[in-house]
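In what follows, a single structure is set out as structure tokens and then discussed.
The values are calculated or read from the model by the stated rules, or taken from the named source; none is laboratory data. Source: prediction; values computed, not measured. Cβ placement follows ideal geometry from the backbone for every residue including glycine, while neighbour counts extend to all protein chains displayed.
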Amino acid sequence: MFATSIAGSLPKPEWLAETQKLWPQWKLEGDALRQAKADATLLWIKTQEDAGLDIIGDGEQARQHFVHGFLEQVEGIDFVNKVKMGIRNNRYKAMVPTVTGPLKLRDRVHGAEARFARAHTKRKLKITMPGPMTIIDTIADQHYGDRVKMAFAFAELLNKEARDLEKLGVDVIQFDEPAFNVYLKETVEWGVPALEKAAAGLKCTTAVHICYGYGIEANNKWKETLGESWRQYEETFPALDKSSLQQVSLECRNSHVPPELMKLLKTKTVLVGCIDVASDKIDTPEEVAATLKLATKFVDAERIQACTNCGMAPMTLATAYGKLRSLAQGAALARKTL
Ligand code: ZN
């Protein structure tokens with residue numbers, strides 16, 4: 001009950017990349033960069049274990065950004081001439097690559113870090129990848145001419161990579177779909193089916209993470225426009241509950257999501273966001289426990305896991321570590337006092 005894990009990213013140490021940035025530049029190249037990525041992955045595995053987490057991630061230390069890290073190994077994408085595109089329904093502009101031809105995996109994408117992480121922890125291992133809808137919302141298109149067709153083409157590549165990760169002993173494969181909170185109708189129409197295609201045939205645990213984004217200024221401003229009650233999950237959870245995915249990771253702590261919307265996930269394991277990633281204030285174990293207890297009003301305790309609201313990439317290492325410790329201590333407290 002209340003197993004703990006992170007949603008995905010963790011801050012990169014300053015010797016690896018620029019700090020407190022969503023798209024940081026690497027500080028090294030070639031073999032030195034490869035080694036530094038492995039060192040940072042090892043550092044975070046140990047740190048998560050010391051903090052007391054049950055399911056360990058690689059902290060996405062080997063990728064610059066959670067979407068582009070995947071795209072870098074895909075043929076048919078022009079990464080050199082990036083174009084400025086409004087993403088998440090024009091919430092903010094990002095420099096994105098362009099699809100210029102048929103998509104194909106050039107090589108394994110996250111195999112190296114997954115193999116490395118597997119070799120260095122005996123705990124359960126979770127690897128994250130972007131979901132198809134979020135990918136196509138973070139890339140320009142000059143080839144497919146149809147966003148849905150392109151999403152399904154990416155889903156096929158994701159599935160291939162996911163099957164390879166599973167073979168390496170990865171226990172949980174999680175797809176990140178922040179776009180599901182933006183394009184609600186499309187999520188039900190084709191977003192969930194594309195996600196199911198990405199997860200098809202996997203025997204390991206499958207998860208989807210749906211949040212309101214990192215605590216960056218553009219997201220914080222967008223959140224201000226969403227009003228007092230954020231009901232986006234209400235539109236999409238019924239479709240997700242019927243889907244083949246086993247776990248749903250959602251934002252809860254310090255958000256305006258009405259907690260009763262968790263009731264819509266009748267059959268899934270629910271990864272409740274107990275850590276606020278939009279604030280540097282370290283949530284206390286008592287606050288984490290209170291969030292978990294609140295969730296038990298709507299979901300059977302056996303189906304609840306404790307997670308962060310989103311990735312923690314833009315924070316300092318010390319803040320992220322403090323939050324990880326609170327997550328583990330708060331889950332332990334909730335187990336004891338329930
Ligand atoms: Zn997130």
- prompt: Which pairs have Cβ atoms under 8 Å, sit 6 or more apart or on different chains, and link a residue in the range 176-190 that is in contact (Cβ under 8 Å) with a residue 12 or more places away in the chain and part of a loop (DSSP other than H, G, I, E, B) to one that is among the β-branched types (Val, Ile, Thr) and within 16 Å of the ligand (Cβ to nearest atom)?
  reply: GLU177/THR134; GLU177/THR187; GLU177/VAL208; GLU177/ILE210
- request: Mind listing whichever residues of the range 145-174 are touching a residue at least 60 places away in the same chain (Cβ under 8 Å) and not in a helix (DSSP H, G or I)?
  value: ASP171, VAL172, GLN174
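Of all residues in the range 219-237, which are surrounded by 15 or more Cβ atoms within 10 Å (Cβ to Cβ) and either out of contact with any Phe, Trp or Tyr (no Cβ under 7 Å at 6 or more places or on another chain) or part of a loop (DSSP other than H, G, I, E, B) (or both)?
Within the range 219-237, TRP222, LEU226, TRP230, GLN232, TYR233, GLU234, GLU235, PHE237 meet the criteria.
Residues to consider are GLY111, GLY8, GLY30; find the one that is small (Gly, Ala, Ser), away from the ligand (no atom under 16 Å from the Cβ) and closer than 20 Å to ALA198 by Cβ. Working first, answer last.
Details: GLY8 fails: away from the ligand (no atom under 16 Å from the Cβ); GLY30 fails: closer than 20 Å to ALA198 by Cβ.
On inspection, the qualifying residue turns out to be GLY111.
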task: List every residue pair whose Cβ atoms sit under 8 Å apart, with the two residues 6 or more apart in sequence or on different chains, where the first one lies in the range 113-135 and is farther than 14 Å from ASP171 by Cβ and of a type in the set (Ser, Thr, Tyr) and the second, anywhere, is modelled with pLDDT of 95 or more and in a strand (DSSP E or B).
output: THR134/ASP176
- prompt: Among (1) within 16 Å of the ligand (Cβ to nearest atom); (2) closer than 30 Å to ALA117 by Cα; (3) buried (at least 21 other Cβ atoms within 10 Å of the Cβ), where does ILE216 come up short?
  reply: (3)
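So that you can scan it fast, the table gives a plain yes or no per residue for (1) within 19 Å of the chain's Cα centre (by Cα); (2) of a type in the set (Gly, Ala, Ser):
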position: GLY191; (1), (2): yes, yes
position: LEU240; (1), (2): yes, no
position: ASN254; (1), (2): yes, no
position: LEU261; (1), (2): no, no
query: Got at least one residue in the range 188-196 being within 16 Å of the ligand (Cβ to nearest atom) and more than 18 Å from SER9 (Cβ to Cβ)?
result: yes
field: Residue list for the range 199-229, restricted to those being among the hydrophobic types (A, V, I, L, M, F, W, C), free of Cβ contacts under 8 Å to residues at least 40 places away in the same chain and out of contact with any strand residue (DSSP E or B) (no Cβ under 7 Å at 6 or more places or on another chain)
entry: LEU226
- request: Write out, first by first residue and then by second, each pair whose Cβ atoms fall under 7 Å of each other, whose residues are 6+ apart or on separate chains, and whose first residue, in the range 3-25, is among the charged types (D, E, K, R) while the second is within 16 Å of the ligand (Cβ to nearest atom).
  value: LYS21/PRO314
- prompt: Within the range 150-173, can one find any residue that is under 14 Å from ALA7 (Cβ atoms), modelled with pLDDT of 95 or more and within 13 Å of the ligand (Cβ to nearest atom)?
  reply: no
- line: Going through the range 269-303 in order, the residues found to be among the small types (Gly, Ala, Ser) and in contact with a helix residue (DSSP H, G or I) (Cβ under 7 Å, 6 or more places away or on another chain) are ALA278, ALA289, ALA295
